[in-house]
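A.B. asks: My structure is below; once you've seen it, I'll send some questions.
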Amino acid sequence: ATLPRPSTALLATFDFWSRCQAEIMKGLAVYSSFLLACCVLGAAEPVSLSRGDSREELAARVANMQARMRAESMDALFVTAEANIRYFTGFGSSFFLSPTRPWYIIVPASGAPIAVVPSIGEDAFARAYTGRVITWSSPRVHDEGISELLSVFSELPRVFGRIGAELGSETTVRMRIVDFDRLRSKLHEQGMQVVDASYEILRARVIKSESEAARMHAACRAQSAGYREIPKIIAEGMTEVEAVNAIKQLFLSKGADQTDFVVCRAGPVSYADIIGHPTQRRLQAGDLVVVDAGTQVDGYFCDFNRNFAVGPPAKEVNDTYAKLDSAIDAALQIIKPGTKFQDIYRAMAETMEVSPSGGVGRMGHSCGLQLTEWPSIHPDVTETLAAGMVLSLEPSLGIPSGDGRYVVTEEVVVVTETGYRLLSDRAPRQIPVLHAVANASRTGQYPSRVCTSA
């Protein structure tokens with residue numbers, strides 16, 4: 001049958017809607033360009049960095065670790081945690097969020113790492129810094145790669161009969177404990193002992209290369225730029241949840257890759273919690289708000305917070321904040337290679353006139369591939385600073401009226417050959433004040449105060 005010819009009116013209608021669609025698409029393209037321009041123009045000042053880890057840098061990390069292994073009489077190193085796998089192979093993935101499959105890396109006494117991984121990761125690990133990639137089909141509940149691991153270990157040269165693993169402080173074995181026990185038992189039957197290598201791993205990772213420090217600097221710049229604009233977007237009447245979601249978008253617009261850790265807690269006069277999830281509580285006049293964040297650029301974290309007041313802060317809060325600012329100054333004055341971590345803690349504690357055993361347990365830490373890393377700035381930590389370490393200085397102090405409320409502030413520095421360099425823009429001397437809802441779009445009272453190296 002012959003289809004009827006469309007009427008002139010129908011053809012005109014089709015033509016009209018086609019032209020409308022074309023104009024809409026043009027408008028969307030212009031709007032998208034506008035949004036992109038806004039993001040670029042509003043982004044933090046760029047920091048020169050090269051994404052990813054070069055094979056030369058990865059090879060140097062592995063060689064350094066192999067020298068540490070020989071010094072500790074280890075034939076091989078066995079790692080399972082995301083940060084350690086990334087550090088030695090360059091492999092990074094959000095797939096670690098899935099707990100179903102374990103991932104194993106063996107660093108032999110010489111040569112590139114050996115990956116023993118589920119088959120779904122074969123291609124990715126072949127492109128990482130690995131000498132061999134051995135796979136199995138996972139999930140395989142009865143044997144999640146243990147047979148493959150035992151086969152590899154049996155082939156490796158045996159000099160000391162010792163295999164290092166992530167058994168100590170601030171490290172984690174990311175596999176089923178029953179599987180780890182089985183692996184250790186089988187290796188023992190073959191005359192091989194599994195020993196703790198956590199200290200050597202942490203010592204290797206604590207010194208950051210220029211490339212690592214550049215990525216942390218980029219994260220700090222994005223986060224600093226976002227903090228400066230918080231008074232423009234956060235106001236009285238918003239819930240903590242609404243504030244966190246807005247702040248995450250702000251950090252991303254300034255150049256951060258990920259914003260997994262963003263905390264916003266508030267309380268009358270001050271707060272008593274800086275780690276909990278945001279709530280539906282609305283910001284109220286008289287609140288002190290803490291925003292603590294650890295954004296990432298190319299897998300590397302920064303970690304520092306900022307305080308904001310809803311209306312003029314109480315005098316005791318201003319006085320406490322001033323003591324914290326002075327404590328940061330005291331810490332910066334002594335940061336240089338050779339200074340002990342406990343000395344940094346004591347300098348801040350003495351400035352604030354508090355007991356070295358008080359507070360929340362420490363006044364800072366290292367950071368890098370993880371939000372917080374070893375060592376802690378603690379009165380008992382005798383490790384010494386070295387060039388390349390990146391630290392978060394984090395003094396805290398209770399307010400005089402008590403009730404468990406306190407104030408905390410934080411800065412990020414990299415240790416240089418002669419002192420330090422701030423990676424975060426220094427917090428303002430006075431606590432920024434958030435505007436009322438009607439005035440939330442006004443320019444905020446958040447001047448930048450950038451400090452240069454000591």
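The values are calculated or read from the model by the stated rules, or taken from the named source; none is laboratory data. Quantities reported herein were computed from a predicted structural model and do not represent experimental measurements. Cβ: placed from backbone, ideal geometry, glycine included. Neighbour counts: every protein chain shown. Only protein heavy atoms, including side chains, enter the accessible area calculation; ligands, DNA and RNA are left aside. Shrake-Rupley method; radii C 1.70, N 1.55, O 1.52, S 1.80 Å.
A.B. asks: Ignoring ligands, DNA and RNA, what percent of the accessible area of the range 121-200 is carbon or sulfur (1.4 Å)?
C.D. replies: The C+S portion of the solvent-accessible surface of the range 121-200 is 52 percent.
A.B. asks: Kindly identify the range 239-346 as rounded, prolate or oblate by the Cα gyration tensor criterion: order the square roots of the eigenvalues as a ≥ b ≥ c, call it rounded if a/c is under 1.5, otherwise compare a/b with b/c, prolate if a/b is larger, else oblate.
C.D. replies: oblate
A.B. asks: Would you work out what percent of the accessible area of the range 327-396, with all protein chains in place, is carbon or sulfur (probe 1.4 Å)?
C.D. replies: Within the range 327-396, the accessible surface is 44 percent carbon and sulfur.
A.B. asks: Let me ask something else about it. Express in Å², to the nearest 10, the accessible area of His378 obtained by rolling a 1.4 Å probe over the protein heavy atoms while all chains stay in place.
C.D. replies: 50 Å²
A.B. asks: Cα convex hull of the range 67-176: mean projected area in nm², to one decimal? Present the calculation step by step, with values, prior to reporting the outcome.
C.D. replies: Details: hull surface 27.3 nm².
Averaged projected area of the range 67-176's Cα convex hull equals 6.8 nm².
A.B. asks: Direction-averaged shadow area of the convex hull around the Cα atoms of the range 274-332, nm²?
C.D. replies: 5.8 nm²
A.B. asks: Let me ask something else. Show me the three semi-axes of the equivalent ellipsoid for the range 116-251, from the C-alpha gyration tensor (sqrt of 5 times each eigenvalue), largest first, rounded to whole Å.
C.D. replies: In descending order the semi-axes read 43, 19, 17 Å.
A.B. asks: In square angstrom, what is the accessible area per residue of the range 184-265 with a 1.4 angstrom probe?
C.D. replies: Working: 3010 Å² over 82 residues.
Here the residues of the range 184-265 average 37 Å² of exposed surface.
A.B. asks: Continuing with the same structure: Is the C-alpha gyration tensor of the range 91-142 telling us rounded, prolate or oblate? Criteria: a/c under 1.5 is rounded; beyond that, a/b larger than b/c is prolate, otherwise oblate.
C.D. replies: Values: a/c = 1.99, a/b = 1.55, b/c = 1.28.
Prolate shape, in that a/c is at least 1.5 and a/b is the bigger ratio.
A.B. asks: Looking at the range 258-318, which trypsin sites (Lys or Arg not before Pro) are DSSP coil and have at most 14 other C-beta atoms within 10 Å of their C-beta?
C.D. replies: Of the trypsin sites (Lys or Arg not before Pro), the ones in loops of the range 258-318 whose Cβ has at most 14 other Cβ atoms within 10 Å are Arg281.
A.B. asks: As a test of reading the structure, rank Glu353, Glu240 by solvent-accessible area (1.4 Å probe, protein chains only), most first.
C.D. replies: Glu353, Glu240
A.B. asks: For a distance above 18 Å, tell me the whole-number percent of Cα pairs in the range 247-305 that qualify.
C.D. replies: 38 percent
A.B. asks: Here's a follow-up. Starting from 0 in steps of 10 Å, tell me what percent of the Cα-Cα pairs of the range 170-326 lands in each bin.
C.D. replies: 10, 28, 25, 18, 12, 6, 1
A.B. asks: With every protein chain left in place, what is the accessible area of Arg203 in Å² (1.4 Å probe, nearest 10)?
C.D. replies: Near enough 90 Å² of accessible area.
A.B. asks: Can I ask one more? Would you please state the base-10 log of I(q)/I(0) at q = 0.23, 0.29 1/Å for the range 328-393, with intensities from the Debye formula using one equal scatterer on every alpha carbon?
C.D. replies: -0.96, -1.42
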